[in-house]
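Single-structure report; data block below.
Only the coordinates and a few stated rules stand behind these numbers; no lab work does. Note that the structure is a prediction, hence the values are computed from the model and not measured. Neighbour counts run over all protein chains shown; Cβ positions are idealised from the backbone, glycine included.
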Amino acid sequence: MVRRICISGGGTGIGRQVALDFAAEGNDITIIGRRSQPLSQVRAECLQAGAAGARAAIADLREPQSINELRDAAAEGPFDVVIAAAGGNSALSAGAPDLVGTDWASWHWTANFQTNVLTAVHLIEGLRELDAIAQGGSVILVSSIAAYRGSGSGSYAGTKAALHPYAFDLADALGTHGVTVNVVAPGYVAETEFFQGGMSPERHNTLIGQTLTGRAGLPSDVSATILWLCGESARHVTGQIIQVNGGANLGR
């Protein structure tokens, strides 16, 4: 059966890998992001991988009106799988302002709330408003190990942690419709844009050393977990946070 899949942050990193893996199963893929070039590239890759259909929606999910960009896709039918993978640490972005003290704290807390919480909330609540989450569907929020261990600045970890109770409430609200809602919390994942080119070899080795598996995570590790949670064998799994970090959460 062809399923309709909606993935925010689908142009890069984990979101891209999830899109390609669902595409390889022959599903219909909608990817959402702010940059047209990577989205166009991933759309083409999805079709090449075997997707029944693929479309790219340019939208800034930090803004509530962004859901309007999904109206056409939602009009074709509800989504069987919704994955909120958009996010990042705004404090690491090239556009971070040169501020100090309270001004800096206020900026990066606000920016990370928009980037990590509102992108998920606007996507999911917008699709609920459009009645575009299918009965018996699956919703996945992408959190982080930082929600358990901190992130150094506080804001990234705090905003990722905010997704957890939101998922619990969604699982309760959508459960009567047969919809499961879960969170996947990755640890250090290589081959993504998360660190904006700022990962030093020393930090890379430190993060690997914190795992019990002796390697960095890959987008495919996280994607495989998401595909399982959205499959038939996980239909009785909801309201859960699944960590994918090679044991780094144990604090080695």
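Each residue of the range 11-17 was assigned a 3J(HN,Hα) from its phi angle through the Karplus expression (A = 6.51, B = -1.76, C = 1.60, θ = phi - 60°), giving x, 8, x, 4, x, 4, 4 Hz with x at Gly and Pro. Whole-Hz Karplus values for the range 75-81 come out as 5, 7, x, x, 8, 7, 9 Hz, taken residue by residue from phi with 6.51 cos²θ - 1.76 cosθ + 1.60 and θ = phi - 60°; glycine and proline positions read x. Amide H contacts for residue 230 (H built 1.01 Å from N in the peptide plane; partners 5 or more residues away or on another chain; cut-off under 5 Å): none found. Each residue of the range 120-137 is assigned a 3J(HN,Hα), and the resulting list reads 6, 5, 5, 5, 6, 5, x, 5, 5, 5, 7, 6, 10, 10, 5, 4, x, x Hz, derived from the Karplus form 6.51 cos²θ - 1.76 cosθ + 1.60 (θ = phi - 60°), x at Gly and Pro. For residue 244, the residues whose modelled amide H falls within less than 5 Å of its own, excluding neighbours fewer than 5 places apart on the same chain, are 185, 187.
From the P(r) of the range 74-180, could you give the percentage of C-alpha pairs in the tail past 17 Å? For the range 74-180, the share of Cα pairs beyond 17 Å comes to 56 percent.
Of 239, 209, 15, the residue with the greatest mean-square motion in the GNM of the chain, using alpha carbon springs below 10 Å, is 209. This model, with +1 at the C-beta of Lys and Arg and -1 at the C-beta of Asp and Glu, gives the range 138-252 a dipole about its Cα centre of some 280 debye. Measuring nothing but alpha carbons in the range 123-252 and taking Rh as the Kirkwood radius, the Rg to Rh ratio lands at 1.01.
Summing Cβ point charges (Lys, Arg +1; Asp, Glu -1) relative to the Cα centre of the range 4-250 gives a dipole of roughly 380 debye. Think of the chain as a dipole: +1 on every Lys or Arg Cβ, -1 on every Asp or Glu Cβ, centred on the Cα centre; then among 212, 143, 127, 212 lies furthest on the positive end.
Put a plus charge on the Cβ of each Lys and Arg, a minus charge on the Cβ of each Asp and Glu, and nothing anywhere else: the dipole of the range 41-98 about its Cα centre is then about 80 debye. Compactness of the chain, taken as the C-alpha radius of gyration over 2.2 N^0.38 Å, stands at 0.96.
Given the DSSP H assignment, sum -39500 (n - 2.57) over each helix run of at least 4 residues in the chain and divide by its residue total; what's the result at 222 nm in deg cm²/dmol, nearest 500?
-11500 deg cm²/dmol
Axis of helix 219-229 versus longest Cα principal axis of the chain: the two differ by about 50°, to the nearest ten degrees.
Projecting the Cα atoms of 184, 246, 163 onto the dipole axis of the chain, where Lys and Arg carry +1 and Asp and Glu carry -1 at the beta carbon, places 246 farthest toward the positive end.
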